[in-house]
Amino acid sequence: MIHRIFDRFVNVYIIEREDHLILVDAGLEETCEKIIEKVKELDKPLTTVFLTHHHFDHTGSLRCLREKFPGIKVVAHELDAPRIGEVDVKVKGGEVIDGLKIFHMPGHTQGSIVLLDLESKSLFPGDLLMEENGRLKEIPQMYSLNPEENRQRIKELLEIDFENLYPAHGEPIIGNAKEKLEELVRKLFP
Ligand SMILES: [Zn+2]
Ligand SMILES: [Zn+2]
């Protein structure tokens, strides 16, 4: 079960496993209260926080979450870890942690990662792309360190076996996410 927490313009997701919770991204600083509320409601321990990259709208609640849940393990790519500061598990890409396969997809930032929940075939692309009005699109290029490289990564997502897509910005796409991605790739690479 995947729960979405939306705050202003960015999503945070809680993946509910049988006996614990996993957080994908940490939202804005003020998102912390909403996350705490949701964890309380689900009544399971929050064990791990995956950060798709270092940007403030994906890491803002981290300090607050650490205080509230001192046992949590924070996972991020080694190249973005220095800008995040408090990372427990530095990954390179290729690992599977807690049922999530990690792909290193630099472009938006050097240490951007994409996560695949193997159990539900759900993809968490971070800021590689976003959803708007039922369609996938690139993140506005001004926000990416290397927009051309990011565009190549979007194409590489086609090689991943997924059905659902949970973007950080926009609405989740449930069921036919691969088709939506194919649409975008055709548009970006005519
Ligand atoms: Zn970003
Ligand atoms: Zn973002």
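No value in this document is a laboratory result; all are computed from the given coordinates. Source: prediction; values computed, not measured. Positions of Cβ are backbone-derived with ideal geometry, glycine not excepted, and every protein chain shown enters the neighbour counts.
At-a-glance table
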item: On Cα atoms only, tilt of 147-156 relative to the major axis of the chain in degrees; result: 90 degrees
item: Percent of beta bridges antiparallel (DSSP, the chain, rounded to nearest 5); result: 70 percent
item: Net charge, VAL74 excluded, C-beta distance under 12 Å - Lys, Arg +1, Asp, Glu -1; result: 0
item: Mean ellipticity per residue at 222 nm, deg cm²/dmol - from DSSP H runs of n ≥ 4 across the chain, formula -39500 (n - 2.57); result: -7000 deg cm²/dmol
item: Dipole of the chain [Lys/Arg +1, Asp/Glu -1 at C-beta], most positive-end residue of ILE15, TYR143, THR47; result: TYR143
item: Percent RCO, i.e. relative contact order, over the chain, from Cα pairs under 8 Å lying at least 6 residues apart; result: 15 percent
item: Full-extension gain in nm, ASP161 to GLU41, via 0.36 nm per residue minus C-alpha separation; result: 40.0 nm
item: Paramagnetic label zone (point 7 Å from Cα along Cα-to-C-beta, ARG66; backbone N under 18 Å) in region 1-22; result: none
item: Fluctuation leader among HIS55, HIS104, HIS20 - the chain, Gaussian network, Cα springs under 10 angstrom; result: HIS20
item: Region 1-93 - charge dipole about Cα centre, Lys and Arg +1 at Cβ, Asp and Glu -1, debye rounded to 20; result: 160 debye
item: Region 82-190: C-alpha gyration tensor shape, a/c 1.5 cut-off, then a/b vs b/c; result: oblate
item: Gained length - GLU18 relative to LYS34, 0.36 nm times residue gap less alpha-carbon distance; result: 3.6 nm
item: Cα-centred dipole magnitude for the chain, charges only on beta-carbon of K, R (+1) and D, E (-1), debye, nearest 20; result: 240 debye
item: Efficiency of FRET from Cβ geometry, PHE56 and LYS121, R₀ 41 Å, rounded to 0.05; result: 0.85
item: With at most 16 other Cβ atoms within 10 Å, longest stretch of the chain clear of loop trypsin sites (Lys or Arg not before Pro) (DSSP); result: 18-91
item: Difference of contour (0.36 nm per residue) and Cα-Cα distance, ASP98 to ARG135; result: 10.4 nm
item: Amide H contacts of MET105 (H built 1.01 Å from N, under 5 Å, at least 5 apart or other chain); result: SER112, ILE113, VAL114
item: Cross-link reach list, lysines versus LYS44, counting only Cα pairs under 23 Å and skipping chain neighbours closer than eight places; result: LYS34, LYS68, LYS73, LYS101, LYS121
item: Net charge over other residues, Cβ less than 11 angstrom from the Cβ of THR59 (K, R count +1; D, E count -1); result: -3
item: The chain: angle of helix 177-188 to the longest principal axis, Cα-based, in degrees nearest 10; result: 50 degrees
item: Under 14 Å, Cβ to Cβ, from ARG186 - net charge with Lys/Arg +1 and Asp/Glu -1; result: +3
